[in-house]
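**Q** What follows is a single structure, and I will ask about it in a moment.
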Amino acid sequence: GLLGFVALASLLIKRQLERAPRPLAVWLLDVSKQGFGGVLIHFANIFTSVWLARRGGGDQCALYFENFFVDCTLGVVVVTALLRAAERAAARRGCDAVARGGEYGDPPRLGAFAAQLGVFCACLLANKLLMASGIWLLYPAMVACGDWLFRPLQAHPDTELVVVMVLCPWLLTTLQFWLFDHALKAR
């Protein structure tokens, strides 16, 4: 909760740095998509962690970090590509509410927001399925990589927990939200 709030709050800084800041209502709708998507993916990550834990073996903190890292890096690229493909498909079908991501009308229409939110959440879930499947298929290599990466911290479980559950998620979520903000706003 707090990490998500801090990452979302960092978008205020990003808004202040924009050359032509979006109107507040439009910015709030763009940021709300990430808020809803973040909650959805939080629960998807819990499900994924339980599912991966059944595979057994490996440092669970390291596996959580790897899952999170993959989501915040490669996952951003995949979600953005899926989002652009959905927008192109919507344009071919004449569905402007989805085809023109980040545009909600003047005054903003909640129907356009809801349509874009649905597409964004579907892209997030499709990405989670792809990334979790990849981790499952590469599980032995992921365990070996995680063990190697976190070996220096394994003798200090409290430090490992802070790095894996606080520091890395804060930095990675902030990066992810900034990248998604760019992908979700009107071009």
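The values are calculated or read from the model by the stated rules, or taken from the named source; none is laboratory data. All values reported here derive from a predicted model rather than from experimental measurement. Positions of Cβ are generated from backbone atoms using ideal geometry, with glycine treated the same way; all protein chains shown enter the neighbour counts.
**Q** Could you say whether any residue in the stretch 73-84 is part of a loop (DSSP other than H, G, I, E, B), under 19 Å from the mean Cα position of the chain (by Cα) and at pLDDT 90 or above?
**A** yes
**Q** Suppose we filter the stretch 43-69 for residues that are surrounded by 13 or more Cβ atoms within 10 Å (Cβ to Cβ) and either touching a residue at least 12 places away in the same chain (Cβ under 8 Å) or basic (K, R) (or both); how many remain?
**A** Residues meeting the conditions: 17.
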